[in-house]
Amino acid sequence: MKSDSDPCFAHLLVNGQPVDPDTRRDVSRFRRAERERLLQARRALSASALAAQSDCVANALTDLVVAREGLTIAAYWPIRGELDLRPWMTAAYENGAQIALPVVIEKNAPVAFHLWQPGSPMKRGIWNIPVPETGVAVSADVVIAPLLGLDAAGFRLGNGGGYYDRTLAALPGMPQVIGVGHDFCCMETIFPMPWDIPMQQSVLGDGKVIDHAH
């Protein structure tokens, strides 16, 4: 016999967070379309335009992050037209900072940050992303996160894997989190979900620095 008060399972737990499945589906569709739009814009950039935007972001980061001994910066290896900050990473290393790169140890789990330095031997990690051949894990004081999209509240649209959100949520203390993206990455909202973690600051390809107050 069917009860008039059947339990409602419309809200599911995702990463420990209650989410309506219809909302999750709609947001996923929206984000997928936005990713494709932004990837097309990225693909349309010339090599010289990409280099110019990378330089603008690097110059702003030099003022924003004081590289020094005792500071560990988690940056990234550029793929798919992301801003190339490797010269800035080299300069930060030469000024005494430790540089680390994100490494996927297990799919759908937080990443580890492994030490990198200029000339480090590299190998292909998951999805063929270059990672340091020698895996020395460290904790990051500063995390530089590549942005595909950035909304007005500082929430990041990435490649869709959720790795940065999982990683930041799992850390015992929140590092300084800086998003970096092209000058066309801004959008009104990504329709943030309960597990999304906003950037504290962002730097865009035109050199603009945005402080996100939360």
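The table below lists the values:
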read-out	value
Qualifying residues in segment 47-96 (those that are over 18 Å from the mean Cα position of the chain (by Cα) and in a loop (DSSP other than H, G, I, E, B)) - the one surrounded by the most Cβ atoms within 10 Å (Cβ to Cβ)	ALA67
Residue match in segment 124-133 (condition: open to solvent by 50 Å² or more (accessible area, probe 1.4 Å), basic (Lys, Arg), out of contact with any strand residue (DSSP E or B) (no Cβ under 6 Å at 6 or more places or on another chain) and part of a strand (DSSP E or B))	yes
Residue check, ALA145 within 23 Å of ALA109 (Cβ to Cβ) and outside any loop (DSSP other than H, G, I, E, B)	yes
Tally of residues being at pLDDT 95 or above, out of contact with any Pro (no Cβ under 9 Å at 6 or more places or on another chain) and either part of a loop (DSSP other than H, G, I, E, B) or hydrophobic (A, V, I, L, M, F, W, C) (or both) across segment 148-166	3
Positions within segment 189-208 being within 26 Å of ALA51 (Cα to Cα), of a type outside the set (S, T, N, Q) and touching an Asp or Glu at 6+ places or on another chain (Cβ under 8 Å), in sequence order	LEU204, GLY205, ASP206, LYS208
First in segment 16-45 and assigned to a helix (DSSP H, G or I), second anywhere and open to solvent by less than 70 Å² (accessible area, probe 1.4 Å) and at pLDDT below 80, Cβ under 8 Å, 6 or more apart	PRO21/ALA10; ASP22/ALA10; ARG24/VAL14
Qualifying residues in segment 178-211 (those that are among the acidic types (Asp, Glu) and either in contact with a helix residue (DSSP H, G or I) (Cβ under 7 Å, 6 or more places away or on another chain) or in a loop (DSSP other than H, G, I, E, B) (or both)) - the one surrounded by the fewest Cβ atoms within 10 Å (Cβ to Cβ)	GLU188
Test: residue in segment 137-155 that is touching a Phe, Trp or Tyr at 6+ places or on another chain (Cβ under 9 Å), open to solvent by 60 Å² or more (accessible area, probe 1.4 Å) and in contact (Cβ under 8 Å) with a residue 60 or more places away in the chain	yes
Failed condition for ALA112, given (1) closer than 16 Å to GLY179 by Cα; (2) open to solvent by less than 40 Å² (accessible area, probe 1.4 Å); (3) of a type in the set (A, V, I, L, M)	(1)
Any hit, segment 167-177, residues being closer than 20 Å to ARG42 by Cα, open to solvent by less than 20 Å² (accessible area, probe 1.4 Å) and modelled with pLDDT of 95 or more	no
Some residue of segment 121-128 being over 24 Å from ILE210 (Cα atoms), at pLDDT below 95, in contact with a helix residue (DSSP H, G or I) (Cβ under 9 Å, 6 or more places away or on another chain) and not hydrophobic (A, V, I, L, M, F, W, C)	no
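The values are calculated or read from the model by the stated rules, or taken from the named source; none is laboratory data. Nothing here was measured: the structure is a model prediction, and the numbers come from that model. FYI the Cβ positions are ideal-geometry reconstructions off the backbone, even for glycines, and counts take in every protein chain you see. Remember, those area values only see protein heavy atoms, side chains included, never the ligands or the DNA or RNA. Shrake-Rupley method; radii C 1.70, N 1.55, O 1.52, S 1.80 Å.
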